[in-house]
Amino acid sequence: MTATVAWTPAEFEARLRARESGYHIHHPFNQRMAAGQCTPAQIRTWVANRFYYQASIPLKDAAILSNCPDRATRREWVVRILDHDGTDTQPGGIEAWLRLGEAVGLERDALLSHQQVLPGVRFAVDAYVNFARRAPWQEAVCSSLTEMFAPKIHQERLAGWPSHYPWIEAGGLDYFRSRIPLARRDVDHGLRVTLDYFRSAAQQQRALDILQFKLDVLWSMLDAIQQANP
């Protein structure tokens with residue numbers, strides 16, 4: 001039932017966080033991966049396909065910046081691009097994922113070429129980037145709030161993978177370690193924008209629908225990966 005009266009900021013945030021039940025940490029493929037039940041080939045397929053998403057994150061963030069007229073927001077948001085693309089002194093998340101790929105036995109050039117990306121994964125990721133290009137910047141910011149649920153999945157991998165997949169070189173897991181504090185920082189900003197912008201009942205429902213869209217993107221990626229790796 002759609003609300004007719006706007007929620008308080010605390011109630012609205014609680015409803016956003018309640019969407020965790022649809023986060024891909026609960027997807028059957030991720031649960032198999034977390035339990036140590038994936039083969040090396042399945043891990044490699046996941047790493048190669050997830051890299052297409054990782055490489056697209058700076059494109060999504062640049063699209064948000066291009067639509068945002070607020071200087072203060074742009075100055076705070078631009079760090080996300082550097083987090084992934086890196087700088088002269090900090091390699092960044094894309095480089096860390098390339099190291100993960102090498103740690104599981106994938107060639108760097110094969111990852112960069114996206115030659116192993118499944119059609120379903122490509123379609124889902126491109127839909128997300130195109131949404132960020134076309135939507136009002138506040139809506140694109142709201143779609144990033146799946147980061148609320150990310151620290152748990154990173155912690156899960158750091159805790160379980162060394163024993164479940166000892167063949168993966170330990171340094172390859174640095175991406176997951178680095179993202180935990182960055183995700184928390186990003187959520188703080190994204191929530192501030194979302195709680196400030198989506199104030200009416202209709203707007204708040206729109207925000208929930210946007211967050212669900214992003215959850216569906218992540219879930220659909222694993223659907224495609226699971227179908228390719230039954």
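The values are calculated or read from the model by the stated rules, or taken from the named source; none is laboratory data. This structure is a prediction, so every number in the text was calculated from the model and none was measured. Heads up, the Cβs are rebuilt from the backbone with ideal geometry, glycines too, and the neighbour counts pull from every protein chain shown. Quick note on the areas: whole protein, heavy atoms, side chains included, nothing else; ligands and nucleic acids left out. Shrake-Rupley method; radii C 1.70, N 1.55, O 1.52, S 1.80 Å.
Normalised radius of gyration (Cα atoms, divided by 2.2 N^0.38 Å) for segment 1-156: 1.17. Here ALA170 and ALA201 are evaluated by their C-beta separation; at R0 = 41 Å the FRET efficiency comes out at 0.25. Could you work out how far helix 201-228 tilts from the main Cα principal axis of the chain, as a 0 to 90 degree angle to the nearest 10? Value to nearest ten degrees: 10.
Paramagnetic label reach from VAL79 (point 7 Å along Cα→Cβ; backbone nitrogen cut-off under 15 Å): within segment 37-59, no residues. For segment 49-91, just say rounded, prolate or oblate: build the C-alpha gyration tensor, square-root its eigenvalues into a ≥ b ≥ c, call rounded for a/c under 1.5, and beyond that prolate if a/b exceeds b/c, oblate if not. Oblate.
For the chain, the longest principal axis of the Cα atoms and the long axis of helix 119-134 meet at an angle of about 30 degrees.
Segment 149-168 and segment 5-78 have Cα centres spaced 17 Å apart.
Using only Cα atoms, tell me the angle between helix 174-197 and the longest principal axis of the chain; keep it within 0 to 90° and round to the nearest 10. Value to nearest ten degrees: 10. Taking a ≥ b ≥ c as the square roots of the eigenvalues of the Cα gyration tensor, an a/c ratio of 1.5 or more together with a/b no larger than b/c marks segment 157-230 as oblate. Averaged per residue, the chain has 47 square angstrom of accessible surface, using a 1.4 angstrom probe with ligands and nucleic acids left out. Helical content of the chain, expressed as a calculated mean residue ellipticity at 222 nm, amounts to -23000 deg cm²/dmol (DSSP H runs of 4 or more residues, -39,500 (n - 2.57) each, divided by residue number, nearest 500). In terms of the Cα gyration tensor, with a ≥ b ≥ c the square roots of its eigenvalues, is segment 76-144 rounded because a/c is under 1.5, prolate because a/b exceeds b/c, or oblate? Because a/c hits 1.5 or more and a/b fails to exceed b/c, segment 76-144 counts as oblate. The residue list ALA183, LEU111, GLN90 was ranked by how far each Cα lies along the charge dipole of the chain toward its positive end, using unit charges on Cβ atoms, and ALA183 comes out on top.
Mind checking the full-extension length gain between GLU107 and LYS152? Use 0.36 nm per residue of separation minus the Cα-Cα distance, one decimal, nm. The span from GLU107 to LYS152 would gain 13.4 nm if fully extended. Basic side chains Lys and Arg get +1 at the Cβ, acidic Asp and Glu get -1 at the Cβ, and with that the dipole of segment 9-228 about its Cα centre reaches some 320 debye.
Apolar share of the accessible surface for segment 81-127: 52 percent from carbon plus sulfur atoms, 1.4 Å probe.
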